[in-house]
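Read through the structure below, which is laid out as structure tokens, and then see the notes.
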Amino acid sequence: MESGKREEAGPSASVSTIVREEKKQEKMMNQKEEDEGFDYEEEGFDEMDQENKRVFENFNPGPLLPLKEQIEKDKEDESLRRWKEKLLGCLESDLNGQMEPEVKFQSIGIISSDFGELNSPLPITEDQSKRVLFSLREGSDYRLKLTFTVLHNIVSGLAYTNTVWKSGLQVDQSKGMLGTFAPQRESYVHTLEEETTPAGVLARGIYTAKLKFEDDDKRCHMELDYSFEIRKRS
């Protein structure tokens, strides 16, 4: 592949690519179980990860199609049709031709050994965003938990950026991938990667943060401003 060239997906890539990728991931998981104990680092798999990252960064999703049109494509492929049904379920009421996927976030929670789990419904008001949403002890582990629904179309490559400030200075930024999600009646529940609060006198105090969610097409599905506190471990 020539340097800088972006890979284009075909018009029906949204569903078909996801289905094939699910099959591929399932096969990889089975292979991983068989290969337990294999030294991937010694065999040069770190280089493969870097190559996969480069290909992913150069990937350009194809044109967005209505969900109904995506379902009707590749009808002659029985295997692909069954996987589409499994992936998408039966959502006839949502097949309205709307192109843009919509992600509705219903709640945000925090899981910590300090207090178990706390959940807050979304959206939060501007007044709530200025108040402390949760407090954590210094040096404690925690994870953020999101509950959301997807409407109208497949949302591809939903990712988050969580930026944190203290006294007006940016002190941390974490990024991660949630994945690709099809419309369904049930809510999705996703827990972000575990993080650890800093420790020490300078680490204690009130922090402000912005949690942002975007998909592959740079659609912003939510920006959440919130505050939290790190307090002394007693």
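Go ahead and collect, in residue order, the members of region 148-187 whose backbone nitrogen is under 16 Å from a label point 7 Å along the Cα-Cβ direction of Met99.
Zone members listed by number: 152-156.
How much net charge surrounds Ser227 when only the other residues with a Cβ under 9 Å from the Cβ of Ser227 are counted, with Lys and Arg +1 and Asp and Glu -1?
Here the count lands on 0.
Could you please report the charge total around Ala209, scoring K, R as +1 and D, E as -1 over all other residues with beta-carbon less than 9 angstrom from its beta-carbon?
Result for the local shell: -1.
Holding the Cα-Cα limit at 21 Å, pick out from Lys104/Lys145; Lys145/Lys166; Lys212/Lys232 the pairs that are longer than that.
Too far apart for the 21 Å limit: Lys145/Lys166; Lys212/Lys232.
What nm distance separates the two modelled labels at Arg233 and Glu117, each placed 7 Å from Cα along Cα→Cβ?
Each label point lies 7 Å from its Cα, and together they span 2.5 nm.
Could you check how much of the accessible area of region 100-234 is carbon and sulfur, as a whole percent, using a 1.4 Å probe?
Here it works out to 48 percent.
Defining a contact as two alpha carbons under 8 Å apart and six or more residues distant in sequence, what relative contact order in percent does region 94-145 show?
Working: 45 pairs, mean separation 21.3, N = 52.
Answer for region 94-145 is 41 percent.
Once you put a point 7 Å from the Cα of Asp217 and another 7 Å from the Cα of Ile124, both along the Cβ direction, what distance in nm separates them?
Result for the modelled spin labels: 3.0 nm.
Note down the net charge around Ser107, summing +1 for each Lys or Arg and -1 for each Asp or Glu among other residues with Cβ under 13 Å from its Cβ.
Values: positive: Lys104, Lys145; negative: Glu117.
Summing Lys/Arg as +1 and Asp/Glu as -1 gives +1.
The values are calculated or read from the model by the stated rules, or taken from the named source; none is laboratory data. The shown structure was predicted, so the numbers you read here are calculated from the model rather than taken from an experiment. When we count neighbours, we look across all protein chains shown, and the Cβ atoms used for this are built from the backbone with ideal geometry, even at glycine. Surface areas here come from the heavy atoms of the whole protein model, side chains and all, with no ligands, DNA or RNA. Shrake-Rupley method; radii C 1.70, N 1.55, O 1.52, S 1.80 Å.
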